[in-house]
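The values are calculated or read from the model by the stated rules, or taken from the named source; none is laboratory data. The shown structure was predicted, so the numbers you read here are calculated from the model rather than taken from an experiment. Note that we place each Cβ from the backbone using ideal geometry, even for glycine, and neighbour counts take in every protein chain shown.
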């Protein structure tokens, strides 16, 4: 009988299996379909799984699941911020509506476990709604200012002028004079 590589007394060195293949020199122990005792030091307990690998919800054990779909929430937040910044150009209303829709879809995905950024999606909805509210307030304020400064008179004057360009210019000049008297001094 040959001795395993080790010291002269027949003891195996650290990290090597004795001749019998089992942990204590005998045959490997078997329980059901699994065999114990033949696993080398540093071996992985589950084949094809890397240490530290964690699966996302919905993935099979040992296989990485689908990556979270966080793009809609992030896009909603970016569009919501742009909606606020561009609300003075009225473009913010459109961007805000898109942010609200994408944010709602992002919250729905996060609730189903497909995304991990529910808070970002909610922030996108809030900033998008704020952009829409600013646009609505500006439109109402602008229309109100227009009519309070005699804009209704300008509209009816232009309707009466029809296609006559000199009459249209006269209407615009009268409106301009009225605004200057009211607000300009």
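Points to keep in mind about this one:
Residues checked against (1) outside the structural domain of residue 88 (by TED's automatic domain parsing); (2) surrounded by fewer than 22 Cβ atoms within 10 Å (Cβ to Cβ); (3) in a helix (DSSP H, G or I); (4) at positive phi:
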site: 104; (1), (2), (3), (4): no, yes, yes, no
site: 108; (1), (2), (3), (4): no, yes, yes, no
site: 115; (1), (2), (3), (4): no, no, no, no
site: 119; (1), (2), (3), (4): no, yes, yes, no
site: 122; (1), (2), (3), (4): no, yes, yes, no
site: 127; (1), (2), (3), (4): no, no, yes, no
site: 130; (1), (2), (3), (4): no, yes, yes, no
site: 133; (1), (2), (3), (4): no, yes, yes, no
site: 153; (1), (2), (3), (4): yes, yes, yes, no
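- Restricting 82, 138 to residues that are surrounded by 16 or more Cβ atoms within 10 Å (Cβ to Cβ), touching a residue at least 12 places away in the same chain (Cβ under 8 Å) and either under 22 Å from residue 175 (Cβ atoms) or assigned by TED's automatic domain parsing to the domain that holds residue 173 (or both) narrows the list to 138.
- Qualifying residue in region 141-151 (condition: more than 25 Å from residue 90 (Cα to Cα), part of a helix (DSSP H, G or I) and at pLDDT below 90): no
- Total residues in region 72-97 satisfying the condition of being part of a helix (DSSP H, G or I) and more than 16 Å from residue 122 (Cβ to Cβ): the figure is 11.
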